[in-house]
Amino acid sequence: MSDGLQNKVVFQQVAELLQNARQQVLRTVNSTMVYTYFEIGRIIVEEEQNGKDRAEYGKQLLKGLSRDLTKEFGKGFSIRNLEFIRKFYLTYSISSSPMTNSKIQIPQTLTAEFENEKTKSLISFSEESISKSLISFFNLTWTHYIFLIRIDDEKERRFYEIESEKHNWSVRELKRQYDSALYARLALSRDKEGILKLSEQGQIIEKPKDIIKDPYILEFLGLPELHQYSESQLEEEIINKLEHFLLELGHGFTFVGRQQRITFEDKHFRIDLVFYNRILKSFVLIDLKIGELKHQDLGQMQMYVNYYDREMRLEDENKTIGIVLCQNKSEAVVKYTLPENNEQIFASKYKTVLPSVEALKELLESK
C-alpha cells in the first residue's frame, strides 16, 4: 500500500473517531442540560409549595429568579423560559416513592423500567443513581421537550417522544408529524392494545396494515386541493419531493422506481410508484388516482399485486402490498370490492393541503 493511500486510510479512521467523539460530547452536554432544567423545575415547584398564596408567590418567585439568573448567567432565563422549565418538570415527574426519603422526582416512563410487575412497587434508588439514570433518560434537545410538553395526552406525547428519538426527527419534522396527526392516523386501525403499544414502543411494523395511513398528508408537494393537476403532475411532484414522501410513508421504505412496466400477452401496464419495505420484506406498489376511487382501480391494483407475487417476489420475501391513493373514496366500494380477509390491497385518501385541526379531527372521527 502506497504512503499516500495509507495516510488516507489512517486519516479516515481518526476522523471517524473524532466525529463520534464530538457527537457523544454533544449528546452528553445536551442530556446534562435538559436534566439540569428538570432539577431547576423541581426546585421551583417545591419552593412554590411552601408559599402561602401559591399563585401570587409563584409569580414573584419566577420574576425574582429570572432577574438574578439573567444577571449571573446571561440569556436563557426569562420568565417565559422558567415557566417552560417548571411545566417540563411537572409533565415528566410523579410523586416521590414512599419507599425512599429522597425528594428527587422520577419520570413516569423511567420508573416503569424499574417497576416490579408483581408488586407494582418502586425499587429504592440513591440520589446519585437517580441522577445518572435521568441524564441518560433525556435524549432529545430542550427545544423538542418545549414542544412535547404542549401535548396534553400522555400516550400521544410519549409516542412522539419515542419516534423523535428513534428516527432522529428534527424539531421541524416533529412539528410536521404532530400537525398531520400521525398518532391519530395510526391509532385508527388499531385496537386498545395496539394504541397502548404506540405509546410504549412507537410505531411497530409487524403486518401490512401497520404501514397504512388514512389519510396521507402531502402538503409538502405544494399542490392545490382542487382538481387542477393531473395524475402525472402529482407523481412528478412526489418524485421531486421523494425524501418528504418517504417520511410520510413511514419506516423502512426504499424507492424502487416509477412507471414500472409489466407485460403479458403483448399488453403493457405501468405501475405509478414501486417501493420496497425492508421491515416487512415486501414490495409496496402505489397507484395515484385523481377524484373518486372506482372499483376498477382496486381490481387493477389486484392484478399488479398478483403479477409481482408470481413473477417478481423471491422465496424469502413476503406478499406484495398495493396501495391506491385517491382524493376521495366510498368505504362501501372498498368493502365489497376487496375480500373479507384482505391483507394486501388498501385504499387511502390523500390531502395536498394540511387540513385545519378541526377539519382533520372531523375527518378522523368520521371513520
For this session: Past 25 Å, Cα to Cα, is the threshold; run Lys213/Lys289; Lys213/Lys319; Lys207/Lys335; Lys87/Lys213; Lys213/Lys294 against it and keep the listed order.
Result: Lys87/Lys213
Problem set entry | Pairs from Lys59/Lys155; Lys71/Lys175; Lys241/Lys351; Lys59/Lys166 whose Cα-Cα separation, in the structure shown, is over 26 Å | Lys59/Lys155; Lys71/Lys175; Lys59/Lys166
Problem set entry | Gain in span if fully extended, Gln233 to Asp153, counting 0.36 nm per residue against the direct Cα distance | 24.9 nm
For this session: Determine the share of region 198-254's accessible area contributed by carbon and sulfur atoms, expressed in whole percent, with a 1.4 angstrom probe.
Result: 51 percent
Exercise. Using a simple charge model, +1 on the beta-carbon of Lys and Arg, -1 on the beta-carbon of Asp and Glu, nothing else, what dipole does region 199-290 show about its Cα centre, in debye to the nearest 20?
Worked result: 360 debye
Exercise. Taking the Cβ of Ile345 as the center, what net charge do the other residues with Cβ under 13 Å away carry, scoring Lys and Arg +1 and Asp and Glu -1?
Worked result: -1
For this session: In nm, give the distance between the simple-model label positions of Ser330 and Asn7, each being 7 Å from the Cα along the Cα-to-Cβ direction.
Result: 7.4 nm
Problem set entry | Val14 versus Glu311: modelled label distance in nm, points set 7 Å from Cα along the beta carbon direction | 5.6 nm
Seminar exercise, completed: Check: C-alpha center region 215-256 vs C-alpha center region 289-323, spacing in Å is 19 Å
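The values are calculated or read from the model by the stated rules, or taken from the named source; none is laboratory data. Bear in mind that the values here come from a model prediction, so they are computed numbers and not experimental data. Neighbour counts are summed over all protein chains in view; Cβ atoms, including those assigned to glycine, are modelled from backbone coordinates with ideal geometry. Note: areas computed on protein heavy atoms with side chains; ligands, DNA, RNA excluded. Shrake-Rupley method; radii C 1.70, N 1.55, O 1.52, S 1.80 Å.
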